[in-house]
Amino acid sequence: MPRSCSAARHGGTVKTVGVVGTGVIGACVAFSLAQRGVHVHCVERRQPGGLTTDVSFARLSAYQQPTYPRFELSHTGMIEHAHFARQFASAPWWHPTGSLAWSTDAAGAGGAGTGESFVEVVDRLSAWGYRTIWRDAAQVNREWEPGIAFPHARTPVVRFPDEGWIDGPKLVSVLIDTAQQSGHLRLWNSAVEEIEVHDDRVVALRLQNQDRIKVDAVVNAAGPEAVTVAAKLGAPMLGAVATRSSLVIDLATDGDAVKHVLRGAEAHVRSAGPGRVRVRSDQVDAGLPAGIRSEPGDEIVKDLLERAYRTVPALTSSTVERTRIGTAVFPADGLPSVGALSGVCGYYEAFANSGITLAPFIGRTLATQIVTGEIHPLWARCSPDRLRAAS
């Protein structure tokens, strides 16, 4: 960020901020800013929390991070969630259930594109300080989850006690409502037409409904549309941006079929609230066309359901409630884009893979940066500037 911009933004001179997007990251940023007394204008043309946040499997985890910097961010995000939930008398979105993971055998694939075995992945996480508890399948069936159909009784199963899941739409709803009740947040049901810049400084958001909002800064937390919003600033992302599509199915069940988040060899299964379960599968997602946002076909739905039924046989009596494909957009290097863009005073980005896990941490630290200029050390590798250099 230019020196003159940084100096101008210190000392509490940021009074009004526009946040584009009210998924889980945008809502956490907006809430944290409102807590600091900043007037926040959230711009969202859909229901808050109704796009990627609603479709996410929303596991709270650092399991699939292959490098220590990415692991450290996700692990920090998990710890932040616990602190964040304690700010509220009730935190109905917060489900620290722990999770169970297993492979078809001890040498089965475990790392996301790393070539590591399942055991090697767990050993690496344990060496990094991630809590792990090993049991065999028979013990898990006796002690924790009697309904899981494991490959055999001696299948090694690891429990990650600090993992869980988040009800993203409920979290967004509580944060937006709380900030609105404080008088520090206004929600605009529109899309951004232009980010106005004068003398290399953000001055306003112009909306498609012709409204114009004067702001001291803007946060691009638009998730799948972050690239489009950045282009409206005149600072398009030229670096590599990746997409990942995922099919999720919500099932209505008779009772609570599972207690933990399950990372099975064929399917992932978790509770989605009383009498509901959400399922997905790495194998099914690998076969989805890139960037798909349409309704899924019958064959891939059938494939996912059969995998879920083989994992938890009691689900065969469940009823399909919702079936959706969601698409996440994030920097291809796997690190978030969080912080200020050099050369344009008052423009910030906040979009990431693992957005559910990172959202409260991004919200708190980015709000701090916007108001005080202080940059958290973990964002040193995550500058939006890197996405402006052609790869």
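Tell me which residues, restricted to region 323-366, are among the small types (Gly, Ala, Ser), in contact with a Cys (Cβ under 9 Å, 6 or more places away or on another chain) and farther than 15 Å from SER383 by Cβ.
GLY346, ALA359, GLY363
Does THR319 fit the bill of being in contact (Cβ under 8 Å) with a residue 12 or more places away in the chain, open to solvent by 20 Å² or more (accessible area, probe 1.4 Å), under 22 Å from LEU247 (Cα atoms) and not aromatic (Phe, Trp, Tyr)?
yes
Collect the residues in region 374-391 that are open to solvent by 20 Å² or more (accessible area, probe 1.4 Å) and touching a residue at least 60 places away in the same chain (Cβ under 8 Å), keeping them in residue-number order. Talk me through it step by step, then tell me what you get.
Filtering region 374-391 for residues open to solvent by 20 Å² or more (accessible area, probe 1.4 Å) gives 374-378, 380-381, 383, 385-386, 388-391.
Listed by number, the residues that qualify are LEU378, ARG381, ARG386, ARG388, ALA389, ALA390, SER391.
Please verify whether SER90 is closer than 21 Å to ARG307 by Cβ and either modelled with pLDDT under 95 or not aliphatic (A, V, I, L, M) (or both), treating the condition exactly as stated.
No.
Could you check, for region 285-305, whether at least one of its residues is out of contact with any Asp or Glu (no Cβ under 6 Å at 6 or more places or on another chain), within 29 Å of LEU73 (Cα to Cα), among the β-branched types (Val, Ile, Thr) and modelled with pLDDT under 95?
Among the residues of region 285-305, at least one is out of contact with any Asp or Glu (no Cβ under 6 Å at 6 or more places or on another chain), within 29 Å of LEU73 (Cα to Cα), among the β-branched types (Val, Ile, Thr) and modelled with pLDDT under 95, which makes the answer yes.
Could you go through region 200-219 and let me know if any residue there is open to solvent by 50 Å² or more (accessible area, probe 1.4 Å), within 28 Å of PRO331 (Cβ to Cβ) and in a loop (DSSP other than H, G, I, E, B).
Looking for residues that are open to solvent by 50 Å² or more (accessible area, probe 1.4 Å), within 28 Å of PRO331 (Cβ to Cβ) and in a loop (DSSP other than H, G, I, E, B), one finds at least one in region 200-219, hence yes.
GLY355 fails exactly one of the following numbered conditions: (1) surrounded by fewer than 20 Cβ atoms within 10 Å (Cβ to Cβ); (2) in contact with a helix residue (DSSP H, G or I) (Cβ under 8 Å, 6 or more places away or on another chain). What is the number of that condition?
Only one criterion in (1) surrounded by fewer than 20 Cβ atoms within 10 Å (Cβ to Cβ); (2) in contact with a helix residue (DSSP H, G or I) (Cβ under 8 Å, 6 or more places away or on another chain) is unmet by GLY355, namely (1).
If HIS268 meets every condition in (1) at positive phi; (2) touching a residue at least 60 places away in the same chain (Cβ under 8 Å) apart from one, which number is that one?
For HIS268, the exception is condition (1).
Of these, THR104, THR97, THR67, THR76, which one is touching a Pro at 6+ places or on another chain (Cβ under 8 Å) and of a type in the set (Val, Ile, Thr)?
THR104
Does VAL140 qualify as being β-branched (Val, Ile, Thr) and under 28 Å from ALA359 (Cα atoms)?
Working: β-branched (Val, Ile, Thr): yes; under 28 Å from ALA359 (Cα atoms): no.
For VAL140, the condition - β-branched (Val, Ile, Thr) and under 28 Å from ALA359 (Cα atoms) - is not met.
Would you confirm whether any residue within region 98-114 is in contact with a His (Cβ under 9 Å, 6 or more places away or on another chain) and of a type in the set (Ser, Thr, Tyr)?
Yes, region 98-114 contains at least one residue that is in contact with a His (Cβ under 9 Å, 6 or more places away or on another chain) and of a type in the set (Ser, Thr, Tyr).
For region 93-139, give me each residue that is touching a Lys or Arg at 6+ places or on another chain (Cβ under 9 Å), at pLDDT below 95 and open to solvent by less than 40 Å² (accessible area, probe 1.4 Å).
GLY111
Just checking, which of GLY50, GLY18, GLY26 is at pLDDT below 95 and either assigned to a loop (DSSP other than H, G, I, E, B) or not aromatic (Phe, Trp, Tyr) (or both)? Explain how you work it out, then say what you get.
Details: GLY18 fails: at pLDDT below 95; GLY26 fails: at pLDDT below 95.
After ruling out the rest, the residue left standing is GLY50.
With a cut-off of at least 2 residues that are surrounded by fewer than 15 Cβ atoms within 10 Å (Cβ to Cβ) and under 21 Å from the mean Cα position of the chain (by Cα), name the strands (runs of 3 or more DSSP E) lying wholly within region 226-309.
The strands (runs of 3 or more DSSP E) meeting that bar are 241-252.
The values are calculated or read from the model by the stated rules, or taken from the named source; none is laboratory data. Predicted, not measured: the structure shown is a model, and the values here were computed from it. Cβ: placed from backbone, ideal geometry, glycine included. Neighbour counts: every protein chain shown. Remember, those area values only see protein heavy atoms, side chains included, never the ligands or the DNA or RNA. Shrake-Rupley method; radii C 1.70, N 1.55, O 1.52, S 1.80 Å.
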